[in-house]
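Before any comments, here is the structure.
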Amino acid sequence: MTTFLGMPAGGGNLTGEPFPQAAREALGNAQLRRNLAKATGTIRAKRANVVGELPDWAQLRAAGAAIKDDVLANLDEYLLRFEEALTSRGTHVHWARDAEEANRIVTDLVRATGTREVIKVKSMATVEIGLNEALADIGVHAVETDLAELIVQLGKDKSSHILVPAIHRNRSEIRDIFRREMPGVDPGLTDDPRALAEAARRHLRHKFMTVDVAISGANFGVAETGSLVVVESEGNGRMCLTLPRTLISVVGIEKLVPRWQDLEVFLQLLPRSSTGERMNPYTSVWTGPTEGQTSHVVLVDNGRTATLADPDGRAALRCIRCSACLNSCPVYERTGGHAYGSTYPGPIGAVLSPQLTGVDRNPTLPFASSLCGVCYDVCPVAIDIPSMLVHLRERVVSAKRATPESTAMRALAWAMSDARRWRRLVRLGKFGRLASRHVPLPGWSTARDLPQPPKETFRDWWESSR
Amino acid sequence: MRVALFVTCLVDGLFPDVGKATVRLLERLGHEVVVPPAQTCCGQMHINTGYPGQALPVIRNHVEAFEHADVIVAPSGSCAGSVRHQHADVARKHGDAKLAEAAADTAKRTYELSEFLVDVLGVTDVGAYFPHRVTYHPTCHSLRVLKVGDRPLRLLRAVEGIDLVELPAADTCCGFGGTFALKNSDTSTAMLGDKMSAVLSTKAGVLTAGDSSCLMHIGGGLSRLRSGVRPLHLAQILEHTR
Amino acid sequence: MSARDEVLARVRRAKVSGSGSGAAAPVPREYRAAGTRGPGDLELFAERLRDYRAEVRVVDADEVPTAVAAALRERGARHIVTAPGIPPEWTAGWAAEQARAASAAERAAAEQVAAAAAEQAAPQVGEQVAAAAHEQAARGAERAAARSGTAELSDPIGRIESRVPLGGDAREALREMLEAADAVVTGCHVAVAETGTIVLDHDAADQGPRALTLVPDYHLVVVRAGQVVAGVPDAVAALAGVRTQTWISGPSATSDIELERVEGVHGPRTLEVVIVRDTQ
Ligand code: SF4
């Protein structure tokens, strides 16, 4: 069994090295640890603050989860409604089974415009499918216009966070990247974030005014109206959505909401959960081609239907990519995003990536969590990530033949299902006293002493004392 | 009240003093304690490591062991959490509706120690005396699965002579996570390191928590550092008198 | 099978395989719904805007021209664009100021010419030239006053443009015009007190097409009290059916460097809001 019920898996940038090894390397990077601790600490406090401000947060969260569940339960109908609303207004709708097909559609559309360059609004879906690489293959340069994406692109680096892809970089590293890679940059550029933002503004201004094809994602697509919504901060999204003659939007099929009204929930949940603001600086809504533009929407599956097929895993498709679970996760905070090897890191990545690719291609991610549960608490659409991780662990285990671990587990379970057998085993622990002092437990004993088994178990004490 | 103690496998085999403290505390408060003999383990390790099918007979054993208990108390947020939030689900997912129903019933009668003291018995001052500097780590499953809130702290604050100091970043996981500590030991160790520095920064001589598993983890690290900080279960502090 | 049919078939297959196919539980909407919280609190709105470091002025209706003029003066705006349908009185104050400045400048220039001529020429001739120059300066000031407030002045001082070119072929012209402008003045469709948000409807004449409010570095919005609603649900309700919208909450910003907020990236770096109190 790979994906659920043999549903076709997704491709693209969703797999990497096994998590434990990748994490080990990342954990040794002191600079990364400091950068992440600082950044996630800041954002956690901000989020807690603005979430605490709303007296009806719990109700909004319940509504958000229910709306997304409605979308997932009736996805075919909503997709058709969305398509109909879009085409009736003149937007061209394309469908893609997987990453490769999505890339082919977009590259064909771009090629037809004759442009050598496209400007891009930050979009995880396009990172997931590897669109920039596909465009490069046909000789088209994709200019990332989100500041963090630009930092990643100029630094020939990889995204490590779904909201702030360059979160692993601090200001002086960013200054160095800009000095090295940004054409015409002031060689005296300082590491003041203001100066860095200004440098990006200058660098991109000309692109905004001249490049005539833009590629975006969408945070939401409204099935009822065919409206697309992009939530952003810098104004690069507005630039890309407004000025070029051709706009191509790559949208995962799970991004829909049924009704216009539903945005009243998500436009409260998303900004407070993601950047910790009451509202993000800019949200663009457009319904059909606007102001003389040609508009395309590419609806992408790439493993989403495989995720949908698993009733215990499908809630991962509720995700609105706010990144609160990443920012709150003690594992993510220490390893950073690259260790997850996927476009989607952190807790949501650990449940989404293996479902998109099939667990056989991501067998370590479901175990990359201590199940502390903080991700579930902060998730604005109440995805029970810990339970889903546990469920996916089962899928990983049952996809394998017997292993030494499964044999040991079986023996232990056999003992634990009967008190007499179990007590005999526990009493053996007494003989383990000597062993535990001298035989290290792999992993554990590198940093922790093992407890000394007691002379007498509790049960033996209980029986002897009563 | 007649209280059935679910002592948990870890306490039974490795930390019997925690079980003894729980018994003495409940008896001191005037309640009868019984230890149903058929009990073993909640099966959480199997469930959380990907072997819920194997956990099924363990769950069945647990449900049967406590079939006749009015209230079940466990000195562990994690094990109580598994009983309350996993058992019925696992049974249902594996097609055993009858067991699921029975497990849901067991869940309703199961309490973590601090919940039982505060909510069922309605006490916060249990008459304990403990003249030491103590810091409290609210373990993840107590905090987020059972949502025990500040109940353990209310109990601790009422202890005579105690010097209770706040643990910085208290609600951050210590990195134990069952087999996580073995499968991802580097990440687990990094989390442990931060938890230990938080503990050491308080200058407390005693670290307490409601879960022996997390205490074993943090305590194992503190012992490796020869830090001199003593890990003690909440029950062991509450049991202590003049 | 086409990709479309195949994706739809997969969705249907996934639904059947899962337990929860078809009816999901009804959406519980127990949060503070639209229309349940009364009108938006202007003070809260102003405070929330200031939190984003937007500039805010709260004025009575008859003070709008002065407030707009003051804002633009303090900004040092020389060449502004406006949405075509804004009430002309919003910018009338600023236009008059600019006209006075323009006429003063023209007069000064003419006087200089006259003085120079007077120095060179014979006394009588000089006086005549000076008188002619004065007259010319006065006419220039009148012309300037007459012209400001209307569209398309070539005068580089106090230029207002409100006739915004539209459509694909006009794109270049629009870009050029907007890049030359250093301020834009618009109205809005609705505003949210709780979040300090202003929403533009780009099909409305007093709000203009999207690029208008995007390219100039300074955006001045006039918000009438009646447009301010309490919360996001109220705004979403007010925006039903509006095709093209931009929600603006403070100036452009980024948190991409160490998650610290920096104002001003690609969008306007300064947002200024004139809130007009209800005066009945
Ligand atoms: S899983 Fe939840 S918390 Fe994490 S990114 Fe998605 S919506 Fe946000």
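The figures follow:
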| read-out | value |
| --- | --- |
| Heavy-atom accessible area order for A:224, B:166, largest first, 1.4 Å probe | B:166, A:224 |
| Rg(Cα) / (2.2 N^0.38 Å) computed for segment A:91-133, rounded to two decimals | 1.14 |
| Carbon and sulfur %, accessible surface of segment A:1-76 computed with the full protein complex present, 1.4 Å | 53 percent |
| Ellipticity estimate at 222 nm from DSSP helix runs (n ≥ 4, -39,500 (n - 2.57)) divided over chain B, nearest 500 | -13500 deg cm²/dmol |
| Heavy atoms of residue C:100 accessible to a 1.4 Å probe, total area in Å² rounded to 10 | 150 Å² |
| Per-peptide average of other Cβ atoms within 10 Å, ordering C:56-64, B:131-139 highest first | B:131-139, C:56-64 |
| Fraction of alpha-carbon pairs over 25 Å apart in segment A:141-267 - percent | 33 percent |
| Cβ-defined net charge surrounding residue B:2, 9 Å radius [Lys, Arg +1; Asp, Glu -1] | -2 |
| Number of partner chain Cβ atoms within 10 Å, mean per residue of A:270-279 | 5 |
| Share antiparallel - DSSP beta bridges, chain B, percent rounded to 5 | 0 percent |
| Residue-wise HN-Hα coupling along segment C:2-14, computed from phi with Karplus coefficients 6.51, -1.76, 1.60 (Hz; x: Gly, Pro) | 5, 4, 4, 5, 5, 4, 5, 5, 4, 4, 5, 5, 4 |
| Cα-derived Rg to Rh of chain A, Kirkwood definition | 1.03 |
| Pairs from A:38/A:156; B:20/B:108; A:255/C:15; A:120/A:255; A:158/C:15; A:158/A:255 whose Cα-Cα separation, in the structure shown, is over 28 Å | A:158/C:15 |
| Averaged over A:300-307, number of beta-carbon atoms from partner chains that fall within 10 Å | 3 |
| On Cα atoms only, tilt of A:30-52 relative to the major axis of chain A in degrees | 80 degrees |
| Per-residue average of Cβ from other chains inside 10 Å of B:217-229 | 3 |
| Separation between Cα centres of segment A:254-270 and segment B:173-242, rounded to whole Å | 43 Å |
| Residue-averaged 222 nm ellipticity for chain A, from DSSP H runs of 4+ at -39500 (n - 2.57), nearest 500 | -15000 deg cm²/dmol |
| Under-5 Å amide H pairs with residue B:34, H placed in peptide plane, nonlocal only | B:3, B:4, B:5 |
| Heavy-atom accessible area order for A:94, A:391, largest first, 1.4 Å probe | A:94, A:391 |
| Over the protein assembly as shown: Rg over Rh, Cα atoms, Kirkwood Rh | 1.06 |
| Unpartnered cysteines - no second Cys beta carbon under 4.7 Å - across chain A | A:240, A:319, A:322, A:329, A:379 |
| With DNA, RNA and ligands ignored, accessible area of residue B:225 (1.4 Å probe; Å², nearest 10) | 100 Å² |
| On Cα atoms only, tilt of A:263-274 relative to the major axis of chain A in degrees | 60 degrees |
| Heavy-atom accessible area per residue - the protein assembly as shown, 1.4 Å, Å² | 36 Å² |
| Antiparallel %, DSSP beta bridges [both residues in the protein assembly as shown], to 5 | 25 percent |
| Fraction of antiparallel bridges per DSSP, chain A only, in percent to nearest 5 | 25 percent |
| Summed buried accessible area for A+C [probe radius 1.4 Å, Å², rounded to 100] | 8000 Å² |
| Cut-off under 5 Å, modelled amide H: who pairs with residue A:297 long-range | A:92, A:93, A:94, A:249 |
| Sequence of B:85, B:62 from largest to smallest accessible area, 1.4 Å probe | B:85, B:62 |
| With Cα atoms, 0 to 90° folded angle of helix A:75-88 axis to chain A main axis | 10 degrees |
| Backbone HN-Hα couplings from phi across segment C:182-194 [Karplus 6.51/-1.76/1.60, Hz, Gly and Pro as x] | 10, 7, 10, 10, 9, x, 8, 8, 7, 9, 10, 5, 4 |
| Solvent-accessible area lost in complex, 20 Å² minimum, residues of segment A:184-233 relative to chain alone, 1.4 Å | A:193, A:194, A:197, A:198, A:201, A:205, A:209, A:233 |
| Where a label projected 7 Å from the Cα of residue C:36 along Cα→Cβ would reach, residues of segment C:219-242 with amide N under 20 Å | C:229-240 |
| Mean separation of Cα contacts under 8 Å, 6 or more apart, over the residue count of segment A:19-305: relative contact order % | 28 percent |
| Using distinct alpha-carbon pairs, which all enter the 1/r mean, Kirkwood radius of chain B in Å | 18.1 Å |
| For segment B:149-155, 3J(HN,Hα) per residue [Karplus equation, 6.51 cos²θ - 1.76 cosθ + 1.60, θ = phi - 60°, Hz, x = Gly/Pro] | x, 9, 4, x, 5, 4, 5 |
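The values are calculated or read from the model by the stated rules, or taken from the named source; none is laboratory data. On a predicted model such as this, the values are computed, not experimentally measured, just so you know. Here Cβ is always computed from backbone atoms with ideal geometry, including for glycine, and neighbour counts include all displayed protein chains. Surface accessibility is based on the protein's heavy atoms, side chains included, excluding ligands, DNA and RNA. Shrake-Rupley method; radii C 1.70, N 1.55, O 1.52, S 1.80 Å.
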